[in-house]
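> Handing you a structure now.
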Amino acid sequence: MYQSETLVRVRYGETDQMGYVYYGYYAMYYEVARVEALRKLGLTYREIEAMGIIMPVLENHSKFLQPGKYDEQLRIVTTIKEKPSVRISFHYDIYNENNKLIHQGHTLLAFVDQKSGRPCRPPQAMMDVLAPFFT
């Protein structure tokens, strides 16, 4: 299992009239956390794409427990619980500044060969950096 933490400050434009994070922005927070989780492993989305592999989102799930609020710094814990195959799952727990769990999410992405448009195995570079977490 691999885990990473990312901090995100809620900007005014990401909130609704009540000052709560608008529900659609959680998907953006997932993406920020997912990209940073891979970067902390030493692998960027740009490098994966340069290998000819893209990673479209197949599923996006959200569970709203409490609202995120304007100007709060949210802590997003991103977890990869299973070794990737043709798909990779990311799980997200989002905490507010009081360390209270306010949101849970999950995304499922596929590895797709950019030229053929067909599903493929993850790049070896990704398997290598994740290997220590799945022994």
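We did not get these values from a lab; they are worked out from the coordinates using the rules stated. Keep in mind that this is a model prediction, so the values were computed, not measured. Cβ: placed from backbone, ideal geometry, glycine included. Neighbour counts: every protein chain shown.
> Please specify each residue of segment 39-59 satisfying the condition of being over 25 Å from Asn99 (Cβ atoms) and either assigned to a strand (DSSP E or B) or free of Cβ contacts under 8 Å to residues at least 40 places away in the same chain (or both).
Matches in segment 39-59: Thr44, Tyr45, Arg46, Ala50, Ile53, Ile54, Val57, Leu58, Glu59.
> Is there a residue in segment 24-47 that is aliphatic (A, V, I, L, M) and more than 21 Å from Phe90 (Cβ to Cβ)?
no
> Given the criterion surrounded by 18 or more Cβ atoms within 10 Å (Cβ to Cβ), in contact with a helix residue (DSSP H, G or I) (Cβ under 9 Å, 6 or more places away or on another chain) and over 30 Å from Thr15 (Cβ atoms), identify the matching residue among Leu130, Leu74, Leu38.
Leu130
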